[in-house]
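One structure is given here, and the rest of the page talks about it.
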Amino acid sequence: MGQYDHGLSTDDDRTATQADGPVDEEILAELFMVMEDGPPDGLTEICDLFLAGVPDRISDIRAALVEGRIEDAAKASHSLKGTAGAFGARRLGEVAGRLEQACRVADGTPRDELVEELQAEFLTFRSILVARLAAISATS
């Protein structure tokens with residue numbers, strides 16, 4: 001086990017929350033382990049870039065919807081879904097996927113509500129990720 005395993009759930013906890021929690025613990029643990037071999041501040045830098053970029057993406061999605069650029073909102077939602085998945089932000093990715101689908105299929109799904117849900121899921125994931133990074137820093 002590497003230094004980045006600190007603060008992650010046990011296998012039993014992971015199984016219990018794997019399907020519906022805000023974090024995909026396996027992906028997050030893998031990211032931490034991969035970054036362990038990189039530069040000392042590499043993990044923090046890449047996480048900081050993610051955390052700084054998501055609010056801009058959400059703002060771009062919101063603006064595209066307000067301006068009627070539905071295809072742009074769908075593309076930005078798709079991109080956010082992939083990025084969230086790479087960081088283990090499960091529910092953030094799921095909401096982004098639902099928003100992408102709502103943009104591509106005019107089924108009456110309230111897109112503005114999904115944007116608000118997207119914002120809330122980002123804030124949840126951000127607090128979890130910041131706490132994990134702080135735990136790692138405290139043990140380094």
Having 1 or more residues that are surrounded by 16 or more Cβ atoms within 10 Å (Cβ to Cβ) and at pLDDT 95 or above is the bar; report the helices (runs of 4 or more DSSP H) wholly within the stretch 1-85 that clear it.
42-66
Residues (within 21 Å of E45 (Cβ to Cβ) and charged (D, E, K, R)) located in the stretch 94-140:
R126, R132
Can you tell me which residue is surrounded by the fewest Cβ atoms within 10 Å (Cβ to Cβ) among those in the stretch 87-104 that are farther than 29 Å from D48 by Cβ and of a type outside the set (K, R)?
Q101
Restricting to the stretch 105-138, what's the tally of residues that are assigned to a loop (DSSP other than H, G, I, E, B), surrounded by 11 or more Cβ atoms within 10 Å (Cβ to Cβ) and either under 14 Å from the mean Cα position of the chain (by Cα) or at pLDDT 90 or above (or both)?
0
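The values are calculated or read from the model by the stated rules, or taken from the named source; none is laboratory data. Everything quoted here is computed from the prediction, not taken from an experiment. Heads up, the Cβs are rebuilt from the backbone with ideal geometry, glycines too, and the neighbour counts pull from every protein chain shown.
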